[in-house]
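Colleague: Have a look at this one before I ask anything.
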Amino acid sequence: MQKRKIKDLLYEQVARVGKAVSSPKRLELLEVLVQGEKMVDALARDVDIDIKLASSHLRVLKEARLVTNRRQGRFIAYRLSGEDIGALWVCLHMVAEEHLMELRAVLDKIIAAPERLTPETRAGLLDKARQGEVLVLDVRPEVEYRAGHLPYARSIPIGELEQKLAELPQDREIVAYCRGPFCLFAAEAVALLNRKGFRASKISDGIAEWSVAGMPLEGLPPA
């Protein structure tokens, strides 16, 4: 085979991944699947599209070997094909945040600047949570918490938070997190908590960003 044809074939195969992640909804599906395996109907609800369109997007991701699926009765569940797919999502959004002023402007406007963690601040947060100095609050759906979460985090889904405020400590800072920098659950939680007199802040990390930084997770299913 000619050298040019070999190179064209190599780049063509890599471009399959690029094409698969060229859709905003497919990127959002990857972000949701970072949280753990989900059924098609749940994925459709999470990204606010109908099941038929969700299935179509998932087929594209599967053809690029970014996700796998399995049948459970008459339902189909999808999951990422490897941990490196979560790292790919983190790399993509970090590059976009670094180089696209438009994205940074939107993040600053609608998400009100969550704390961007460094290796030092991640280690510090972990140590404070271990010592009970802060409460790390996971406001994702409980099924996502069970699939993997930050160490020492407590699960209270955003939809249940207002009813469970009496269970939270008034004398400690609460640090909320959700699916990552594009997720609004943590921002909603902090706004509610601050209105009710709690000391609350949020971090931009989700479990993918935390894991890519080399930090431990808890509650992961067996490999």
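Colleague: Which of A166, A42, A77 ends up with the largest GNM mean-square fluctuation for the chain, with Cα atoms connected below 10 Å?
Modeller: A166
Colleague: With r as the distance between the Cβ atoms of R4 and V106 and R0 = 30 Å, compute the FRET efficiency 1/(1 + (r/R0)^6) and round to 0.05. Let's see the in-between values first.
Modeller: Details: r = 41 Å, r/R0 = 1.38.
Once rounded, the FRET efficiency stands at 0.15.
Colleague: May I pose another question? Please find, in a Gaussian network model of the chain (springs between Cα atoms separated by less than 10 Å), the residue of I207, I174, I49 whose mean-square fluctuation is greatest.
Modeller: Between I207, I174, I49, it is I49 that shows the largest mean-square fluctuation.
Colleague: Give the Cα extents of the range 53-117 along the principal axes, in whole Å, largest first.
Modeller: Taking the Cα atoms of the range 53-117, the three principal extents are 44, 22, 21 Å.
Colleague: Heavy atoms only, probe 1.4 Å: what % of the accessible area of the range 101-223 goes to carbon and sulfur, would you let me know? Mind showing how you got there, number by number?
Modeller: Values: 3400 of 6260 Å².
Solvent-exposed carbon and sulfur of the range 101-223 make up 54 percent of the total.
Colleague: Across the range 85-169, how large is the tail of the calculated P(r) beyond 17 Å, expressed as a percent of all Cα pairs? Kindly include the intermediate steps, with their values, before the conclusion.
Modeller: Values: 2333 of 3570 pairs.
When all Cα pairs of the range 85-169 are counted, 65 percent exceed 17 Å.
Colleague: Per residue of the range 212-220, in order, report the coupling 6.51 cos²θ - 1.76 cosθ + 1.60 (Karplus, θ = phi - 60°) as ³J(HN,Hα) in whole Hz, putting x for Gly and Pro.
Modeller: Here the 3J(HN,Hα) series is 4, 6, x, 8, x, 10, 10, x, 6 Hz.
Colleague: List the lysines whose alpha-carbon lies under 20 Å from that of K202, not counting same-chain residues fewer than 8 positions away?
Modeller: Hits, sequence-local ones excluded: K109, K128, K164.
Colleague: If you don't mind, there's one more thing I want to ask. Using Cα positions and a limit of under 19 Å, work out the lysines in reach of K52, with same-chain residues fewer than 8 apart set aside.
Modeller: The qualifying lysines are K25, K38, K62.
Colleague: Using all Cα-Cα distances in the chain, what percent lands in each 5 angstrom bin from 0 up to the longest?
Modeller: 1, 6, 13, 17, 18, 16, 12, 8, 5, 2, 1, 1, 0, 0, 0
Colleague: Under 20 °C and 1.002 mPa s, how fast does the range 125-223 diffuse according to Stokes-Einstein, given a Kirkwood radius computed over C-alpha pairs? Answer in µm²/s, whole number.
Modeller: Values: Rh = 13.4 Å.
Estimated via Stokes-Einstein, D reaches 159 µm²/s.
Colleague: Further, regarding this structure: Pick out, in residue order, every one of the GluC sites (Glu not before Pro) in the range 130-223 that is DSSP loop and has at most 13 other C-beta atoms within 10 Å; say none if there are none.
Modeller: Working: sites: E133, E142, E144, E160, E162, E167, E173, E188, E209, E218; in loops: E133.
Here the GluC sites (Glu not before Pro) that fit, given the DSSP loop and packing criteria, are E133.
The values are calculated or read from the model by the stated rules, or taken from the named source; none is laboratory data. Nothing here was measured: the structure is a model prediction, and the numbers come from that model. Reconstructed Cβ throughout: ideal geometry from the backbone, glycine too, with neighbour counts over all protein chains shown. When the accessible area is computed, the model is the full protein with side chains, heavy atoms only, and any ligands, DNA or RNA have been set aside. Shrake-Rupley method; radii C 1.70, N 1.55, O 1.52, S 1.80 Å.
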